[in-house]
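Input: a single structure, listed below in structure tokens.
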Amino acid sequence: MTLRFRLSERPSFIAGQFATIGIVVDGEMLERPYSIVSSPHEPFLEFFIELVPEGRITPKLWELKLGSAVFVRRRMVGQLTLNTAVTHHLMLATVTGIAPFVSILRTQRIERERGATTNHQFLVLHGASQSADFGSYRSELEELSRAGWLTYIPTVSRPWAEPSWKGETGRVEDIVRKYADQLGFDCCNSAAYACGHPQMVTNVKAIFERARFNRDQIKEEKYFSIDAVNQTLTNTSMLKRTAEVSGIA
Ligand SMILES: Cc1cc2nc3c(=O)[nH]c(=O)nc-3n(C[C@H](O)[C@H](O)[C@H](O)COP(=O)(O)OP(=O)(O)OC[C@H]3O[C@@H](n4cnc5c(N)ncnc54)[C@H](O)[C@@H]3O)c2cc1C
């Protein structure tokens, strides 16, 4: 689900970071981190959230209506931001893990439209079991890739369940070397980023390390790391503000 929130004050964050959303369930405040899809240049906060049927927060988020309010921690953090020391950016995502990369790419688009000169090139591989899981971001990124500075490859891992799918098939980790080699993204010119399913992140990190990327050239965010979630909540400011739903898709 894509959720868009209007905030009581303009958010301050760097493209690629995440916010912490809180809702009250049975009298208890529950909070979870969510990568921000929108650009800091946009006047709203957008999130791309996968339903975890047995989860505590996501079924409640599914019940939100236009105008419902949630809490959002004032401090937005995270290190999956653009590494400006290099010109090439190899971004790998599963399903909702595309969120921080969309924020970075929207920011690039807006800044280029405003006249910024930049030579950053992006290769984004987006994996899901079926194409419906790409949400609206597949068409957004396909559209953006026409400008020439982005190559976007959506790939489905269960093509047999979707005979009409004509695009790339297999998991992100199966196709990353093929596209990186073809398009000249290597350890000399690139930063690598991996976000989403923890197994994908672990697998691609091993692939990058074999391709001679240094540890500091690789940024990652594992969405299911509960330890990391708890650590984030402990470290983040307790100040809260409300945000009102202004769009659902
Ligand atoms: C930095 C960071 C950014 C994140 N950004 C996003 C985002 O942009 N979009 C998004 O959808 N999620 C994101 N997550 C995951 C999110 O914070 C929650 O963990 C997730 O939405 C589940 O919350 P819940 O309360 O419904 O489930 P919980 O009650 O917390 O968990 C229930 C069980 O489901 C498992 N689980 C959690 N997430 C998933 C999943 N996606 N698939 C399968 N099992 C899962 C948990 O490990 C646990 O065992 C992010 C996590 C981190 C650490």
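The values are calculated or read from the model by the stated rules, or taken from the named source; none is laboratory data. As the structure is a computational prediction, the values presented were derived from the model and not from experiment. Cβ: placed from backbone, ideal geometry, glycine included. Neighbour counts: every protein chain shown. Side chains are part of the model used for accessible areas, which takes the heavy atoms of the whole protein and leaves out ligands, DNA and RNA. Shrake-Rupley method; radii C 1.70, N 1.55, O 1.52, S 1.80 Å.
See the values below:
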{"quantity": "Extension reserve of the R215-E111 stretch, reckoned as 0.36 nm per residue once the Cα distance is removed", "calculated": "34.5 nm"}
{"quantity": "Per-pair calculated FRET efficiency, R0 = 25 Å: D174 and A132 via Cβ, rounded to 0.05", "calculated": "0.75"}
{"quantity": "For the chain, calculated [θ]222 nm from helices alone, where every DSSP H run of n ≥ 4 adds -39500 (n - 2.57)", "calculated": "-7500 deg cm²/dmol"}
{"quantity": "Scattering curve values for the range 36-75, log₁₀ I(q)/I(0), Debye with Cα scatterers, q = 0.16, 0.20 Å⁻¹", "calculated": "-0.52, -0.79"}
{"quantity": "Average projection area in nm² (convex hull over Cα atoms of the range 1-142, one quarter of hull surface)", "calculated": "9.5 nm²"}
{"quantity": "Restricting the range 1-97 to GluC sites (Glu not before Pro) in coil, as DSSP defines it, with at most 11 other Cβ within 10 Å", "calculated": "E9, E54, E63"}
{"quantity": "Two-decimal log10 I(q)/I(0) for the chain, as the Debye equation yields it once each C-alpha is a single scatterer, q = 0.08 Å⁻¹", "calculated": "-0.30"}
{"quantity": "Net lengthening on full extension, T87/T151 (0.36 nm per residue, minus Cα-Cα)", "calculated": "21.6 nm"}
{"quantity": "10 Å-binned pair-distance histogram of the range 148-188 (Cα, whole percent)", "calculated": "26, 47, 23, 5"}
{"quantity": "Candidate lysines - alpha carbon under 21 Å from K166, same-chain residues fewer than 8 apart omitted", "calculated": "K178"}
{"quantity": "Solvent-accessible area, 1.4 Å probe, carbon plus sulfur percent, for the range 1-97", "calculated": "53 percent"}
{"quantity": "Burial ranking of peptide ranges 99-109, 133-143 (average Cβ count within 10 Å, highest at the top)", "calculated": "99-109, 133-143"}
{"quantity": "Charge dipole magnitude, Cβ of K and R +1, D and E -1 - the chain, Cα centre, debye nearest 20", "calculated": "400 debye"}
{"quantity": "Chain lengthening between M1 and S164 when straightened (0.36 nm per residue, less Cα-Cα)", "calculated": "56.4 nm"}
{"quantity": "Solvent-accessible surface ranking, highest first, for Y34, Y223 at 1.4 angstrom", "calculated": "Y223, Y34"}
{"quantity": "Percent RCO, i.e. relative contact order, over the range 71-197, from Cα pairs under 8 Å lying at least 6 residues apart", "calculated": "36 percent"}
{"quantity": "Prolate/oblate/rounded call for the range 108-223, Cα gyration tensor, a/c under 1.5 rounded", "calculated": "oblate"}
{"quantity": "Estimated inter-spin distance, L30 and N189, nm [label 7 Å along Cα→Cβ]", "calculated": "4.7 nm"}
{"quantity": "Computed accessible area, I14, all protein chains, 1.4 angstrom probe, square angstrom", "calculated": "100 Å²"}
{"quantity": "Isotropic mean projected area of the C-alpha convex hull, the range 52-117 (nm²)", "calculated": "7.3 nm²"}
{"quantity": "The chain - percent relative contact order, Cα under 8 Å, separation 6 or more", "calculated": "27 percent"}
{"quantity": "Square roots of 5 times each gyration tensor eigenvalue, C-alpha, the range 65-171, largest first, Å", "calculated": "25, 21, 13"}
